[in-house]
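Structure record follows, encoded as structure tokens.
The values are calculated or read from the model by the stated rules, or taken from the named source; none is laboratory data. The structure displayed is predicted, hence computed values, not measured ones. Cβ placement follows ideal geometry from the backbone for every residue including glycine, while neighbour counts extend to all protein chains displayed.
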Amino acid sequence: MIIGEKIAEMRKAKGITQEDLATTIGVSAQTVSKWENSVSMPDIMLLPVIADIFEVSIDTLFDRNIDKNYNLTPYDVYDSLEENFIFIMQKAFYDNNDIITLEQRVQECKKVLESNTKMQSGIYEGKSGAVYFSKETGGVLLAKKSEGWESLFEDESVIKMLRNLSNDSYRNVIHYICSNIGGTYTASSMAKRCEIAIQNAQSAIDTLVEDNILRSDTIEIDNNILYVYRFNNLESKARILMLYISLTYLKRFDKFVSSFYSWCG
């Protein structure tokens, strides 16, 4: 089946007209008609758009059958990993003499975790490391330090970040830039947005530039140099993700609730 026929098949299965599809994509109904009648082909840049409309992969548009375990979009990855994470953990705890099947135990675990977000499951102090899961935090694998878990408290490299996070202005600035990724700022505009003193905003920005989360550019206005700031690159977004993870677990540690489903260690 060629791509035009596949588009027609999926469009009809979805119960939408050529006009509806055309409007959604941003092209004319005549263009969609040409695709479906194999008069022309969609531009390659439109393939992800079309696939997203029908909630399929680009491979599906070309009628290629890919094993579903490998046919994932980035938005599917978390759900798939969570499913497998829970299954593997429950398999480790499962006893063949149990009165319920492993599949039933997995479903029961999922229901319990969803109904009680404080519930947690884990294996601690294993030979290789620790495994932890809760609905609020997702799952984590932590490799055991060769010198022992307690050696983590001797690592002074985290002190700088902890000090930064204890500063109200720093937290205000990082909160704002994380809610406006893609934005461009000056120290004065940031100060106004965050309702803090300009010197505090500049200090926080300088720290974020030093940590490669923000980048600094200059523009000349009326013979004066103005510094503007924006997210540095993909690395900076990855660093923010690591910060989100850290804050999630710090909060869970502070508000810890002793509620367990399958725990060892």
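Name the residues in the range 86-98 that are surrounded by 11 or more Cβ atoms within 10 Å (Cβ to Cβ), not in a helix (DSSP H, G or I) and not hydroxyl-bearing (S, T, Y), would you?
D98
Identify all residues within the range 248-264 that are touching a helix residue (DSSP H, G or I) at 6+ places or on another chain (Cβ under 8 Å) and either of a type outside the set (S, T, Y) or farther than 14 Å from K118 by Cα (or both); write none if there are none.
The one that is touching a helix residue (DSSP H, G or I) at 6+ places or on another chain (Cβ under 8 Å) and either of a type outside the set (S, T, Y) or farther than 14 Å from K118 by Cα (or both): C264.
(1) at pLDDT 90 or above; (2) within 20 Å of D63 (Cα to Cα): which one isn't true of E19, the others all being true?
Evaluating E19 over (1) at pLDDT 90 or above; (2) within 20 Å of D63 (Cα to Cα) leaves (2) as the failure.
Residues that are over 30 Å from M89 (Cα atoms) and either within 23 Å of the chain's Cα centre (by Cα) or of a type in the set (D, E) (or both): which strands (runs of 3 or more DSSP E) entirely in the range 148-265 hold 3 or more of them?
Those strands (runs of 3 or more DSSP E) span 214-221.
E103 fails exactly one of the following numbered conditions: (1) over 15 Å from F133 (Cα atoms); (2) part of a loop (DSSP other than H, G, I, E, B). What is the number of that condition?
All conditions pass for E103, except number (2).
Select from the range 177-186 the residues that are closer than 17 Å to M242 by Cα and surrounded by fewer than 17 Cβ atoms within 10 Å (Cβ to Cβ) and list them in ascending order.
C178, S179, I181
Taking the stated definitions as given, is E147 among the acidic types (D, E) and closer than 21 Å to E83 by Cβ?
no
Give the residue, chosen from T101, T117, that is of a type in the set (S, T, N, Q), exposed (fewer than 15 other Cβ atoms within 10 Å of the Cβ), more than 21 Å from the chain's Cα centre (by Cα) and within 17 Å of S262 (Cβ to Cβ).
Of the residues listed, the single one that is of a type in the set (S, T, N, Q), exposed (fewer than 15 other Cβ atoms within 10 Å of the Cβ), more than 21 Å from the chain's Cα centre (by Cα) and within 17 Å of S262 (Cβ to Cβ) is T101.
So which residues in the range 143-166 are farther than 15 Å from L250 by Cβ and either surrounded by 11 or more Cβ atoms within 10 Å (Cβ to Cβ) or of a type in the set (S, T, Y) (or both)?
K144, K145, S146, W149, S151, S157, K160
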